[in-house]
Amino acid sequence: MPISTSATASRYWMYASLCWLLTFLLWIFPMIDASYTYSASPTQTVPRHSPRLNNVLEYVSSGWDRLTRSLEKCKTYEDQKTDDEPYLYFPAEFQTLPGFTALAESCRVRIARLPEIITSPDDVNLGKIHPEGLLYLPHPYVVPGGQFNEMYGWDSYFIILGLLRAQRFDLAQGMVENFFFEIEHYGSILNANRTYYLTRSQPPFLTSMILAVYDTPGTSSHRDLAWLERAYKFAVTDYQQWTHPPHLAGDTGLSRYFDHGDGPVPEIIGDANNYYRGAAQYFLLLHGTNDPHLVHVDREHPPESQLGPLFPVHSCAEPADHSSKNPPQENCSPGEQVALTADFYKGDRSMRESGFDVSFRFGPFSGETHHYAPVCLNSLLYKTERDLERMASLLGRQSESEVWRAKAIDREQRIRKYLWDPKHGLFFDYNFMTHSLSSYEYATTFYPLWVGLASKEQARAVVSHLSMFEQPGGLAMSRVESQAQWDFPYGWAPIQLLAIEGMRRYGFAADADRITYSFLSMVVDDFATDRFIREKYNVVKRTSETRIVKGYSENVIGFGWTNGVFLELLHQSPPAVWDRLEKE
């Protein structure tokens, strides 16, 4: 009896399926045999015969508890950045304060309400809040470490990724809930939960955090539309502060970083005047007393509106930039004083909202940060719009989803118009005050790849210039050795992750794998001698030893976002990267 055509086809596909299954098993068995599950972090697979890698993972695993803060822990209130008596502030609208009598006695913490209700950063009058102190948050949170003993804005996204990989679901979701609390009671997502941070935010990663929790099986909010509905409202509120004055970048339709406060920041460890004196001396050497970041001050009649300290002019040397059109000799005299301008302080504060403090990316000391439409911020806002589009769709709000889609498309077009340089094949920041594109080559050029707004041609061009940033330990932030921590030769974990994921998104897997190995192996090698995971690394010398002159000089241990990125990159690594890490 002849076999039917359908039966022949059925047997063919059965045979093909069995062959495919056999091939798969032969491929997977060697990997299973070469590894075992790391008990302290069930989501991680650690190769055998790799004690150095195990040591790092044990450090990271124990670090989550070591870096967790809650109101019951006295170390939560410690602040190396100020000398004030520990204070815990509650929102002004709280009619009754929770019973913290025992805590106040055991930790010697004073409890108070903020003097005014805050609905936006414009409502903040820091002069009425004294002394400075910690802002109440309802859930435990993970801090970066060292002097950064509070919950930070963009650090927390990378920390949350690590917590989710480590299956610390409640802690991760609690941190997202804390951001909802900040928006509701402190007017915005804060740089961090200290009173002196009330006037500024940090790069917007809220929707990325929300969706990371929502999409992760095991979290209580996994696929929970009621929770997503609540999260969506807070995300919209957070988004709106970036798309209205004073966060608009001129008439570009793009956004900028902007701190609502004025004058020097109070949170610099030690004497903040030393940092600002160094900036003033730099400008004096660069252009003399006519530098636009400086203002002449009459010693006998200083202006009442002077915001910062005065600095004496000690010499009338030639400016460092000999091409300057404003040599200082003619109007420089002994006893003369200068001060940094109010505009410099606004830029200095806005730089700290950007998270890239300190670099020379937005002018010397980034004192012109608020004059730029940055590629990093606007890429993140594009992603926020795309995330809100998805969230609205999941919630059945199709008309709103279309509005967010249109906003994202508009921002994408504006980013390509203002921030893309086809000649150099890189994304740059745009100075909307001078109507000119920056030429400062910076690792944030990979952000458009991470969020998916770059065209295939643009992504290919950016990756073709990878050698500008690639070093033995990963990606350096820039090619400028400014002696500041966010410039050459330093590399930072979050930028490695964003760049690597961006390259993978556009199909540049080999480049992504190479950078991944360079960074992970550097951290493992450095940990073998240092025994700590650090805030930043010298990616040229593959070491955590740093020599930073301008800005923060300490290389803090901990470290929250490095821990999180290490786990995330390791989880994403293909077998070839694991094999190389195992053998060394």
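The values are calculated or read from the model by the stated rules, or taken from the named source; none is laboratory data. Quantities reported herein were computed from a predicted structural model and do not represent experimental measurements. Here Cβ is always computed from backbone atoms with ideal geometry, including for glycine, and neighbour counts include all displayed protein chains.
Check Arg256, Arg165 and return the single one that is touching a residue at least 60 places away in the same chain (Cβ under 8 Å), more than 28 Å from Asn431 (Cβ to Cβ) and in contact with a His (Cβ under 9 Å, 6 or more places away or on another chain).
Numbers: Arg256 fails: more than 28 Å from Asn431 (Cβ to Cβ).
The unique qualifying residue is Arg165.
Looking at the range 352-365 only, could you name the residues that are part of a helix (DSSP H, G or I) and among the aromatic types (Phe, Trp, Tyr)? Passing the criteria: only Phe365.
Kindly provide the set of residues from the range 286-305 that are at pLDDT below 95 and either more than 30 Å from Asp83 (Cβ to Cβ) or in the same structural domain as Val549 (by TED's automatic domain parsing) (or both), ordered by number.
Leu286, His287, Gly288, Thr289, Asn290, His296, Asp298, Glu300, His301
Of the strands (runs of 3 or more DSSP E) lying entirely inside the range 1-117, those containing at least 1 residues that are under 26 Å from Asp579 (Cβ atoms) and at pLDDT below 75 span 35-37, 45-47.
Among the residues in the range 387-401, are any out of contact with any strand residue (DSSP E or B) (no Cβ under 6 Å at 6 or more places or on another chain), within 29 Å of Trp492 (Cα to Cα) and modelled with pLDDT of 95 or more?
yes
Checking the stated criteria, Arg223 turns out not to satisfy the condition of being touching a residue at least 12 places away in the same chain (Cβ under 8 Å) and of a type in the set (Lys, Arg). Being over 21 Å from the mean Cα position of the chain (by Cα) and acidic (Asp, Glu) is the filter here; which residues of the range 433-480 pass it? Correct list: Glu457 only.
Of the helices (runs of 4 or more DSSP H) lying entirely inside the range 197-296, those containing at least 2 residues that are among the β-branched types (Val, Ile, Thr) span 206-215, 225-242.
The sole residue among Ile210, Ile160 that is closer than 28 Å to Ile269 by Cβ and either touching a Phe, Trp or Tyr at 6+ places or on another chain (Cβ under 8 Å) or in contact (Cβ under 8 Å) with a residue 12 or more places away in the chain (or both) is Ile160. The number of residues in the range 64-101 that are small (Gly, Ala, Ser), more than 27 Å from Leu163 (Cβ to Cβ) and out of contact with any strand residue (DSSP E or B) (no Cβ under 6 Å at 6 or more places or on another chain) comes to 1. All conditions but one from (1) over 20 Å from the mean Cα position of the chain (by Cα); (2) surrounded by fewer than 21 Cβ atoms within 10 Å (Cβ to Cβ) apply to Gln241; the one that does not is (1). Of all residue pairs spaced 6 or more apart or on separate chains, those with beta-carbon atoms under 8 Å, a first member in the range 436-448 that is within 11 Å of Leu498 (Cβ to Cβ) and a second member that is surrounded by 24 or more Cβ atoms within 10 Å (Cβ to Cβ) and of a type in the set (Asp, Glu) are Thr444/Asp429.
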